[in-house]
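The values are calculated or read from the model by the stated rules, or taken from the named source; none is laboratory data. For clarity, every value in this text was computed on a predicted model and none was experimentally measured. Cβ placement follows ideal geometry from the backbone for every residue including glycine, while neighbour counts extend to all protein chains displayed. Each accessible area value is taken on the protein alone, full model and side chains, heavy atoms only, with ligands, DNA and RNA left out. Shrake-Rupley method; radii C 1.70, N 1.55, O 1.52, S 1.80 Å.
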Amino acid sequence: MTRYNYLTAKIDSWRDKPRIAQVGIPDFNYGVPIISLNEKYGFHQSNTGCIVTRAQLRGIESYHTEIEKYLNKRNGKDWRKKYQTELDYLIKNKLTE
């Protein structure tokens, strides 16, 4: 599971295929509305599972640092606030699946 690191972040950014990796158990099902919201903001989510090494965590952190730069450039620096507002709406209205 060495997929996430600085180099793969650069490659994913160049290909316009960035991911946000979640470690642990997913918060909820990621149905079509959530996938569409993620695509609107230019990324896909993936879950790496619950068991990760320190090296893998460092790789994920490095990956996320570069992907955050890409997403800030793509969406503007305040994109996370807008994204969270839209996500909260979907969750509150039980529209996540």
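Could we say that residue 38 is open to solvent by less than 30 Å² (accessible area, probe 1.4 Å) and either in a helix (DSSP H, G or I) or touching a residue at least 60 places away in the same chain (Cβ under 8 Å) (or both) here?
Working: open to solvent by less than 30 Å² (accessible area, probe 1.4 Å): yes; either in a helix (DSSP H, G or I) or touching a residue at least 60 places away in the same chain (Cβ under 8 Å) (or both): yes.
In short, yes.
Select from region 20-29 the residues that are in contact (Cβ under 8 Å) with a residue 24 or more places away in the chain and open to solvent by 70 Å² or more (accessible area, probe 1.4 Å) and write down the one among them that is farthest from residue 83 (Cα to Cα). Spell out how you get there, then give the answer.
Taking region 20-29 first, the residues in contact (Cβ under 8 Å) with a residue 24 or more places away in the chain are 20-25, 28-29.
When the remaining residues are screened for being open to solvent by 70 Å² or more (accessible area, probe 1.4 Å), the result is 25, 29.
Details: 25: 21, 29: 17 Å.
This residue is 25.
The set of residues in region 41-53 that are open to solvent by 30 Å² or more (accessible area, probe 1.4 Å) and within 28 Å of residue 95 (Cα to Cα) comprises 44, 45, 47, 50.
Residues in region 54-97 that are β-branched (Val, Ile, Thr) and open to solvent by 70 Å² or more (accessible area, probe 1.4 Å): 65, 85, 91.
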